[in-house]
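The values are calculated or read from the model by the stated rules, or taken from the named source; none is laboratory data. Owing to the predicted nature of the structure, the values given are computational and were not obtained by experimental measurement. Cβ placement follows ideal geometry from the backbone for every residue including glycine, while neighbour counts extend to all protein chains displayed.
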């Protein structure tokens, strides 16, 4: 597979993502900057975490107005695989490629911690190496990670299998205590109706080697190349 890693002014997880794809997966990968107008030739595009354009106005909105933002819409509409991590998830909602919005965390504090997640949909190209209901551990680091979607839209998303990950406890229980940021229904990651666009707030690229303390994130990356 041929991967692209997007780079906006303020991205700070781009090299982590590049390293995982090139050195741990052994796949071809290139950086593309915010001036890029076409993503033709790539199989999968990653929008990494960070603070694109300093999160001015709100997280992800300025990145969505760039030539690369328009290229991402075109790429996704042609069926390309598109993954947004943390700030990348925020960009995808601003592009309206994913439903809902990412708001300031409940409590208004930046959160940097490990969380447990329950896999709700393992039929996607991003999750097919997981078991449905499997509990995994990944880190989060965000100030605007509270996922919000209206109740009527959430019901339709549930029916279509668009809720992919939920915050839970170590036993897989989904409850208010296991919700770090106040997200609607403990949601940590969602996909589009077609299943080729996926956004999540936790960082799978930071959980890929034993030296980091856990390897649950590498399963997501392996899912993309099986």
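A few remarks follow.
- Residues of the stretch 54-68 satisfying the condition of being assigned to a helix (DSSP H, G or I), touching a residue at least 24 places away in the same chain (Cβ under 8 Å) and either surrounded by fewer than 20 Cβ atoms within 10 Å (Cβ to Cβ) or within 17 Å of the chain's Cα centre (by Cα) (or both): 54, 55, 63, 64, 67
- Test for residue 148: is it in contact (Cβ under 8 Å) with a residue 40 or more places away in the chain, farther than 18 Å from residue 47 by Cβ, surrounded by fewer than 20 Cβ atoms within 10 Å (Cβ to Cβ) and touching a strand residue (DSSP E or B) at 6+ places or on another chain (Cβ under 7 Å): yes
- Within the stretch 13-27, tally of residues that are closer than 13 Å to residue 46 by Cα and outside any helix (DSSP H, G or I): 1
- Of residues in the stretch 12-35 being in contact with a helix residue (DSSP H, G or I) (Cβ under 6 Å, 6 or more places away or on another chain) and closer than 16 Å to residue 88 by Cα, the one surrounded by the fewest Cβ atoms within 10 Å (Cβ to Cβ): 16
- Among the residues examined, residue 73 does not qualify as surrounded by fewer than 21 Cβ atoms within 10 Å (Cβ to Cβ), touching a helix residue (DSSP H, G or I) at 6+ places or on another chain (Cβ under 8 Å), free of Cβ contacts under 8 Å to residues at least 60 places away in the same chain and not in a strand (DSSP E or B).
- Filter result for residue 195 (under 22 Å from residue 80 (Cβ atoms) and assigned to a loop (DSSP other than H, G, I, E, B)): yes
- A single member of 82, 95 is touching a strand residue (DSSP E or B) at 6+ places or on another chain (Cβ under 7 Å) and farther than 20 Å from residue 139 by Cβ, and it is 82.
- Qualifying residue in the stretch 170-177 (condition: surrounded by 22 or more Cβ atoms within 10 Å (Cβ to Cβ), modelled with pLDDT of 95 or more and not in a helix (DSSP H, G or I)): no
- Conditions (1) outside any strand (DSSP E or B); (2) surrounded by fewer than 17 Cβ atoms within 10 Å (Cβ to Cβ); (3) free of Cβ contacts under 8 Å to residues at least 40 places away in the same chain: number failed by residue 112: (1)
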